[in-house]
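The values are calculated or read from the model by the stated rules, or taken from the named source; none is laboratory data. From a predicted model like this one, the values you see are computed outputs, not experimental measurements. Note that each Cβ is placed from the backbone with ideal geometry, even for glycine, and that neighbours are counted across all protein chains shown. Surface accessibility is based on the protein's heavy atoms, side chains included, excluding ligands, DNA and RNA. Shrake-Rupley method; radii C 1.70, N 1.55, O 1.52, S 1.80 Å.
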Amino acid sequence: MARVFPQAAISSPYMSTERETFTVWMKSLVYQNNGLTVYNSSGEIMYRVETYDKSSNEVHIMDLHGNILFTIRKKKLWLFGSWYVYRECESYTSTEEVKPSARIKRSSIRDGDWEVRDETNEVFWILRFDPKFAFQIIDINGDIIAQVKPKQSSNGITLGEDVLTLEVKPRVDYSLVVALVTVYGSIKGVV
């Protein structure tokens, strides 16, 4: 099985040997409500999230054709919640216990940030650096794995609060990074 973050061998259609840049539109593709749509650098839709029921504790990340790639489940614990990201896989039987690809919870070490543990128990952090929606995902060494920031035109004009740039380091599973962006959007109340 391919590793999730930078040490991974390129064996996934969701990884590249090059830095990848995506545009994230914090709106549903189908409905003008909460959700998000992710475009690659060629302007093609890569991922979409439709939030049909705002009260649901579950959200799905789909490809352009509506195939579910990830399911994200929120579990409310005391004051804060935890989010579990499950990679969809048809090889599981309904009786098997499926382990999450990632678990996200409020960091007990870094105030206001979020701890991510992947399926191999490696630790990463989602570090916010803007009151709106800018953040970084860093590994245990402090290296930036991915970064989300407001998208700017070539003239330096910000395109709006709901249009973001997602930059992902080479050899990183960008589909899982999109899942983490979705979780962060859920934390911020925009997905």
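Gain in length, ILE140 to SER16, computed as 0.36 nm per residue apart minus the alpha-carbon separation, to one decimal in nm? Walk me through the intermediate numbers first.
Working: separation 124, 0.36 × 124 = 44.64 nm, distance 2.15 nm.
Residue separation times 0.36 nm, minus the Cα-Cα distance, leaves 42.5 nm.
Rounded to the nearest 0.05, what FRET efficiency do VAL30 and ILE157 have when you use their Cβ-Cβ distance and R0 = 35 Å?
Computed FRET efficiency for VAL30 and ILE157 comes out at 0.80.
What full-extension length gain, to one decimal in nm, is calculated for TYR52 and PHE129 as 0.36 nm per residue of separation minus the Cα-Cα distance?
24.8 nm
What translational diffusion coefficient, in µm²/s and rounded to a whole number, does the Stokes-Einstein relation yield for the range 109-171 at 4 °C and a viscosity of 1.567 mPa s, taking the hydrodynamic radius as the Kirkwood radius over Cα pairs?
For these conditions, the coefficient is 101 µm²/s.
Using a 1.4 angstrom probe and counting only protein chains, how large is the accessible area of ASP143 in Å², to 10?
70
To the nearest 10 square angstrom, how much accessible area does GLU88 have with a 1.4 angstrom probe?
Its accessible surface works out to 80 Å², give or take rounding.
How far apart, in nm, are the 7 Å Cα→Cβ label points at MET62 and THR120?
Taking the two extended label points, one gets 3.2 nm.
Once the whole set of protein chains is in place, how much accessible area is left on LEU159, using a 1.4 Å probe, in Å² to the nearest 10?
90
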